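Read the structure below first, then the notes.
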Amino acid sequence: PYDIRMFLSTKKVCLIIDSYDEAFHQNYLLNELVEGNKFRNAAMMVTSRLNYIRESLKSFDKKFSIIGYDEKQRLEHVQRFAEQQEQDPTPYCIMLRDKNVADLCINPLNLTLLCILQKNGELKEKTRTGIYKGIHSFMKRKASERKELNMNADEIEERLMYPLYKLAFNAYKE
């Protein structure tokens, strides 16, 4: 079995903490991570509404904020994506009008991930859970390819993801 603490202390890792503002209340481990008191050498991306993270910002070397795309910017984003892929932008523009994904398209990272799923024919599921599941599967596959891991999805899940799930769950309980 993998020891997640050893892994995090010996490898270069990027911790992605989404919606910090929804989870920071009385979550000691999460706050220790964000304030840089645990796994100090890890890169960290944190999304949060500003008023909930304002005090912790002094712990970060670099800070930036994304207000979100307006309708024109979303359209420009998908058109540039389609152009870069040498594809017709129509399926991407149609995706923007889908009420199930419209609010996700405000965020540039989410919009890029949705475009990638659309390009790969993997944006079949229209529920929020299904979309996130597709993004999660895509990220696991890409991480496996980049790390040249010869593991199938179940092995990646067991060896790499379960320890992170356990860490997140234990942090939530604490």
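The values are calculated or read from the model by the stated rules, or taken from the named source; none is laboratory data. Here the structure is a predicted model, which means the values were calculated and not measured. Note that we place each Cβ from the backbone using ideal geometry, even for glycine, and neighbour counts take in every protein chain shown. The area values use the complete protein model at the heavy-atom level, side chains included, leaving out ligands, DNA and RNA. Shrake-Rupley method; radii C 1.70, N 1.55, O 1.52, S 1.80 Å.
If the requirement is being on the phi < 0 side of the Ramachandran plot, surrounded by 12 or more Cβ atoms within 10 Å (Cβ to Cβ) and modelled with pLDDT of 95 or more, which of these qualifies: 73, 79? Explain how you work it out, then say what you get.
Details: 73 fails: modelled with pLDDT of 95 or more.
Of the residues listed, the single one that is on the phi < 0 side of the Ramachandran plot, surrounded by 12 or more Cβ atoms within 10 Å (Cβ to Cβ) and modelled with pLDDT of 95 or more is 79.
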Output the number of the condition that residue 66 fails; it satisfies all remaining conditions of (1) modelled with pLDDT of 80 or more; (2) more than 30 Å from residue 158 (Cβ to Cβ); (3) of a type in the set (A, V, I, L, M, F, W, C). (1)
Of the conditions (1) within 26 Å of residue 45 (Cα to Cα); (2) in contact with a Cys (Cβ under 7 Å, 6 or more places away or on another chain), residue 116 fails just one. Which one is it? (2)
Verdict on residue 121 being more than 24 Å from residue 164 (Cβ to Cβ) and loosely packed, with under 14 Cβ neighbours inside 10 Å: yes
Can you name the number of the only condition in (1) modelled with pLDDT under 85; (2) within 17 Å of the chain's Cα centre (by Cα) that residue 108 fails? (1)
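Can you pull out every residue in segment 115-133 that is aliphatic (A, V, I, L, M) and outside any helix (DSSP H, G or I)? So that I can check it myself, show each step before the final result.
So in segment 115-133, the residues aliphatic (A, V, I, L, M) come out as 116-117, 123, 131.
Hit for segment 115-133 is 123, nothing else.
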Within segment 85-100, can one find any residue that is more than 24 Å from residue 6 (Cα to Cα), open to solvent by 80 Å² or more (accessible area, probe 1.4 Å) and of a type in the set (Asp, Glu)? yes
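Out of the residues in segment 38-58 that are open to solvent by less than 100 Å² (accessible area, probe 1.4 Å) and of a type in the set (S, T, N, Q), which is modelled with the lowest pLDDT? Let's see the steps before the verdict.
First, pick out the residues of segment 38-58 that are open to solvent by less than 100 Å² (accessible area, probe 1.4 Å): 38-39, 42-48, 50, 52-53, 56-57.
Restricting the remaining residues to those that are of a type in the set (S, T, N, Q) gives 47-48, 56.
Details: 47: 80, 48: 80, 56: 75.
Filtering first and then ranking leaves 56.
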For residue 154, are the conditions met, namely being part of a helix (DSSP H, G or I), among the acidic types (Asp, Glu) and closer than 19 Å to residue 47 by Cβ? no
Could you go through segment 21-37 and let me know if any residue there is farther than 24 Å from residue 130 by Cβ, under 19 Å from the mean Cα position of the chain (by Cα) and open to solvent by 40 Å² or more (accessible area, probe 1.4 Å). yes
